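Q: Supplied in structure tokens, the structure appears directly below.
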Amino acid sequence: SLHEILANDIYSTFQGDVSRNIKPYKVNLIYPATETHVWKHTDQDFHMVVETKATYQTITKPFIENIPVEKMEWVYNILDHKSEVERIIYEDPHPRNGFILVPDFKWSDQSNLGSLYCLAIVHDRSLRSIRDLTGAHLNLLQNIRDASLEILRMKFGVDRSSVRIYFHYQPSYYHLHVHFSHIKMTLGTFSGKAVLLEDVIYNLSVNSDHYNNATLSFVVGEVQHIQLFELFREKQVV
């Protein structure tokens, strides 16, 4: 039998019980799934993009700004305590330096610390990606790092040296969030996708406007990032 244990917008999680002798299992459901969800899991070709400051300003930034706010509804539900309240591991409510730490769907069995995967979602809704970060956000980033590592140590007994902390660029959704995953977890941690939090903190401490001006290289999929990919191809970036 299946019973729902989580519901947030189009995302749901169900627990399945087979018998007393078999451990319960979890089923993650996205319904109705959008084209974006299907594209993410479709076999496709990928390309490296070298995004200059000008490329970001003329292509990527307008693309992000035109994303419908409805795409962020499930994130705002978490921030507004409308959904997943019982899953919150830690929260700092400060409007500028605060965030909410929640387990990612990938961490379906929290007794398995080797698959630990959490997301720190910032309260500041003006921050869409690492491109929006400046030296003024160092307190936010250091707070996310220090508070999250401490709560993961206290609550789950995970040592800080066992946790990889990073952003994705391009991210799956454009509300700034930080990934915390066990060092054994390698999904989404490759070069061209993951940007380590410590590197971001260092770069901004040296140059407050680093991510406003930097050239960033990353991977895009012809299907997963079809709209952005088509814009890059139209402008002969790829």
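Q: Within region 125-142, is there a residue that is buried (at least 20 other Cβ atoms within 10 Å of the Cβ), free of Cβ contacts under 8 Å to residues at least 60 places away in the same chain, within 29 Å of residue 66 (Cα to Cα) and in contact with a helix residue (DSSP H, G or I) (Cβ under 9 Å, 6 or more places away or on another chain)?
A: no
Q: A further question follows. Let me confirm something: among 130, 165, 144, which residue is in contact with a Leu (Cβ under 6 Å, 6 or more places away or on another chain) and of a type in the set (Val, Ile, Thr)?
A: When all the criteria are applied, what remains is 165.
Q: Can you confirm whether residue 201 is in contact (Cβ under 8 Å) with a residue 60 or more places away in the chain, touching a helix residue (DSSP H, G or I) at 6+ places or on another chain (Cβ under 7 Å) and part of a helix (DSSP H, G or I)?
A: It is true that residue 201 is in contact (Cβ under 8 Å) with a residue 60 or more places away in the chain, touching a helix residue (DSSP H, G or I) at 6+ places or on another chain (Cβ under 7 Å) and part of a helix (DSSP H, G or I).
Q: So, residue 231, is that one in contact with a helix residue (DSSP H, G or I) (Cβ under 8 Å, 6 or more places away or on another chain), aliphatic (A, V, I, L, M) and surrounded by 14 or more Cβ atoms within 10 Å (Cβ to Cβ) or not?
A: yes
Q: When residues of region 176-233 are filtered for being under 17 Å from residue 131 (Cα atoms), of a type in the set (D, E, K, R) and under 20 Å from the mean Cα position of the chain (by Cα), how many remain?
A: Counting residues in region 176-233 that are under 17 Å from residue 131 (Cα atoms), of a type in the set (D, E, K, R) and under 20 Å from the mean Cα position of the chain (by Cα) gives 3.
Q: Restricting to region 36-84, name every residue that is in a helix (DSSP H, G or I), at pLDDT below 95, more than 16 Å from the chain's Cα centre (by Cα) and not aromatic (Phe, Trp, Tyr).
A: Once the filter is applied, which keeps residues that are in a helix (DSSP H, G or I), at pLDDT below 95, more than 16 Å from the chain's Cα centre (by Cα) and not aromatic (Phe, Trp, Tyr), region 36-84 yields 38, 69, 70.
The values are calculated or read from the model by the stated rules, or taken from the named source; none is laboratory data. Since the model is a prediction, treat every value here as computed from it, not as a measurement. Heads up, the Cβs are rebuilt from the backbone with ideal geometry, glycines too, and the neighbour counts pull from every protein chain shown.
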